[in-house]
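These notes are about the structure you will find just below.
The values are calculated or read from the model by the stated rules, or taken from the named source; none is laboratory data. The model shown is predicted, which means the values in this text are computed figures rather than measured ones. So basically every Cβ, Gly included, is an ideal-geometry build from the backbone, and we count neighbours across all protein chains shown.
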Amino acid sequence: MSAHYFNPQEMINKTIIFDERPAASVASSFHVSYGIDKNFLFGCGVSITSVLLHNNDVSFVFHVFIDAIPEADIQRLAQLAKSYRTCIQIHLVNCERLKALPTTKNWSIAMYFRFVIADYFIDQQDKILYLDADIACQGNLKPLITMDLANNVAAVVTERDANWWSLRGQSLQCNELEKGYFNSGVLLINTLAWAQESVSAKAMSMLADKAIVSRLTYMDQDILNLIL
């Protein structure tokens, strides 16, 4: 067993499952996760639908990690699962350990759910795809599903260009970022490597350091770039 910084039993208050998958597809399902608050529920639904529309030959389990969700939205996700014969799991997150973390006007503590998510799947799935709720899928995900991550913690997508990487490196006082700065909205996570590198523990330690936090602009994204 691998160590969790965020223990699932502590961090998840309740899980609601809508599983409409054909029995034959259950074992081969690929897991996709989102970390949101209620303001991004609509976008999350659109993102899930976009994945399903472009990958109708793939079985999925979608995980929605959220702090609170209205009953009407629970029923919408239930209907979405039924309409596309997929599985959607809603995980209600206990935010007590996250409340002290820095937030901004635009980003709530939900931005830190990706750390809870990665830890949640340790010893459950070798690999998971994390998506921000504003990500729309426009193609087949099989290259990601079959990708061998080897010992890498994650596969990521670089953001903008070399000038931007240099600026982020200067702001964060990390010259390594001049080689590439990535967006945290799409993360193909190797859960074993994540655990071995203690990514969540390192992130929380850095977020408790006022000197480091003072240099951050894109909280969770900057932290992940500094660690990975």
Scan segment 1-31 residue by residue and report those that are part of a loop (DSSP other than H, G, I, E, B) and either acidic (Asp, Glu) or buried (at least 20 other Cβ atoms within 10 Å of the Cβ) (or both).
His4, Tyr5, Phe6, Glu20
Within segment 161-207, track down each residue that is more than 22 Å from Thr104 (Cβ to Cβ) and part of a strand (DSSP E or B).
Leu188, Ile189, Asn190
Could you go through segment 65-85 and let me know if any residue there is in contact (Cβ under 8 Å) with a residue 12 or more places away in the chain, in a strand (DSSP E or B), out of contact with any Cys (no Cβ under 6 Å at 6 or more places or on another chain) and farther than 27 Å from Gln196 by Cβ.
yes
I'm told Ile90 meets every condition in (1) assigned to a strand (DSSP E or B); (2) of a type in the set (A, V, I, L, M); (3) out of contact with any His (no Cβ under 6 Å at 6 or more places or on another chain); (4) closer than 26 Å to Asn152 by Cα except one. Can you identify the failing condition by its number?
(4)
In segment 50-67, how many residues are under 16 Å from the mean Cα position of the chain (by Cα) and under 19 Å from Lys142 (Cα atoms)?
5
Determine if segment 208-221 includes at least one residue that is in contact with a helix residue (DSSP H, G or I) (Cβ under 7 Å, 6 or more places away or on another chain), touching a residue at least 24 places away in the same chain (Cβ under 8 Å), assigned to a loop (DSSP other than H, G, I, E, B) and hydroxyl-bearing (Ser, Thr, Tyr).
yes
If you check every pair at least six apart or on different chains, which have Cβ atoms under 7 Å apart with a residue in segment 22-49 that is more than 18 Å from Lys142 (Cβ to Cβ) first and a residue that is crowded, with 17+ Cβ neighbours inside 10 Å and among the charged types (D, E, K, R) second?
Gly35/Arg114; Asp37/Asp67; Leu41/Asp73
Is it the case that some residue within segment 158-168 is surrounded by 14 or more Cβ atoms within 10 Å (Cβ to Cβ) and of a type in the set (Val, Ile, Thr)?
no
Within segment 142-150, can one find any residue that is buried (at least 18 other Cβ atoms within 10 Å of the Cβ), basic (Lys, Arg), on the phi < 0 side of the Ramachandran plot and at pLDDT 95 or above?
no
Which condition breaks for Val116 when tested against (1) closer than 20 Å to Ser33 by Cα; (2) part of a loop (DSSP other than H, G, I, E, B)?
(2)
Neighbours by Cβ (under 8 Å, 6+ apart or cross-chain): first from segment 116-141, over 26 Å from Arg97 (Cβ atoms); second surrounded by fewer than 19 Cβ atoms within 10 Å (Cβ to Cβ) and of a type in the set (Ser, Thr, Tyr)
Ala136/Ser50; Cys137/Ser50; Gln138/Ser50
Which members of segment 3-18 meet the condition of being modelled with pLDDT of 95 or more, touching a helix residue (DSSP H, G or I) at 6+ places or on another chain (Cβ under 7 Å) and of a type outside the set (Val, Ile, Thr)?
Met11, Phe18
Condition check: under 30 Å from Lys210 (Cα atoms), modelled with pLDDT of 95 or more and either within 14 Å of the chain's Cα centre (by Cα) or surrounded by 17 or more Cβ atoms within 10 Å (Cβ to Cβ) (or both). Does Tyr34 satisfy that?
yes
